[in-house]
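The values are calculated or read from the model by the stated rules, or taken from the named source; none is laboratory data. Here the structure is a predicted model, which is why all the values come from computation and not from measurement. So basically every Cβ, Gly included, is an ideal-geometry build from the backbone, and we count neighbours across all protein chains shown.
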Amino acid sequence: GAGVSQSPRYKVAKRGQDVALRCDPISGHVSLFWYQQALGQGPEFLTYFQNEAQLDKSGLPSDRFFAERPEGSVSTLKIQRTQQEDSAVYLCASKLTLGRGQSIAQETQYFGPGTRLLVL
Amino acid sequence: AQSVTQLGSHVSVSEGALVLLRCNYSSSVPPYLFWYVQYPNQGLQLLLKYTSAATLVKGINGFEAEFKKSETSFHLTKPSAHMSDAAEYFCAVSDQGTGTASKLTFGTGTRLQVTL
């Protein structure tokens, strides 16, 4: 497929369990973003990758959250010792260029369908 | 720091009526502005964006938005609502910079209901 894909689409975890959420960006996209969307809220920025380099992790809510993109394509967001407040939809987005592109298509962040995490 | 305020968490219109979803932003630098739509259990889809070219931006599905710097607004409109427009709409802002500066700051969303 040509779009951003995420897996799993739904995840139920017991409190204290570790989870791993996967994002497959559009092939060739340099920039990759993770966002967290709590129920009834807008998405909030978590972290940003430029190829394999994690350049901004200022939005990660605690040191239980860890993200990686080792080969500059697929990214994984890992949450250790999950808590109930981690329940949310986790969205991944990819973008072709680093910033000012040559066309609107290059400037656009394309979002995946998200992973809905429920921590019991 | 940037922020977005969407007035009205729920808006209800009749089919065929004008749609107006309000968005005001705060940014210390010239912004890029976006409207995204989210259907149930789906990701965000870009409707339109402002990137400092024309202040009136036309998007998909008949939507348009006008950037008004003096009012720090970027309201979304559609002349005639259709049942398929029922969804959650998010306004977002980013810097015009590179890399992480292009991260999006979203509003809390407006749920549009379209009635017969």
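When A:ASP63 is evaluated against the numbered criteria (1) touching a residue at least 12 places away in the same chain (Cβ under 8 Å); (2) more than 14 Å from chain B (Cβ to nearest Cβ); (3) surrounded by fewer than 18 Cβ atoms within 10 Å (Cβ to Cβ); (4) of a type outside the set (A, V, I, L, M), which criterion, by number, is the only one it fails?
Exception for A:ASP63: condition (1).
Taking the residues in the range B:14-60 that are polar (S, T, N, Q) and free of Cβ contacts under 8 Å to residues at least 24 places away in the same chain as candidates, determine which candidate is farthest from A:GLU107 (Cα to Cα).
B:ASN41
For residues that are more than 10 Å from every other protein chain (Cβ to nearest Cβ) and touching a Pro at 6+ places or on another chain (Cβ under 8 Å), tally how many sit in the range A:23-47.
Number of matching residues: 2.
Out of all the residues in the range A:75-84, is one or more among the charged types (D, E, K, R), in a strand (DSSP E or B) and over 21 Å from A:LEU118 (Cα atoms)?
no
Please go through the range B:1-38 and give me each residue that is within 11 Å of B:GLU88 (Cα to Cα) and exposed (fewer than 14 other Cβ atoms within 10 Å of the Cβ), ordered by number.
Scanning the range B:1-38 gives B:SER9, B:HIS10.
Looking only at the range A:1-47, count how many residues are of a type in the set (Asp, Glu) and part of a strand (DSSP E or B).
Result for the range A:1-47: 2.
Filter the range B:39-68 for residues that are outside any loop (DSSP other than H, G, I, E, B), more than 12 Å from chain A (Cβ to nearest Cβ) and surrounded by 19 or more Cβ atoms within 10 Å (Cβ to Cβ); which is modelled with the lowest pLDDT?
B:PHE67
Of the conditions (1) farther than 14 Å from B:SER12 by Cα; (2) under 13 Å from the mean Cα position of the chain (by Cα), B:LYS78 satisfies every one except a single condition; which number is it?
Exception for B:LYS78: condition (1).
Which of the strands (runs of 3 or more DSSP E) found entirely inside the range B:69-116 contain at least 2 residues meeting this: within 14 Å of chain A (Cβ to nearest Cβ) and modelled with pLDDT of 90 or more?
Because the criterion is at least 2 residues that are within 14 Å of chain A (Cβ to nearest Cβ) and modelled with pLDDT of 90 or more, the strands (runs of 3 or more DSSP E) in the range B:69-116 that meet it are B:87-95, B:110-115.
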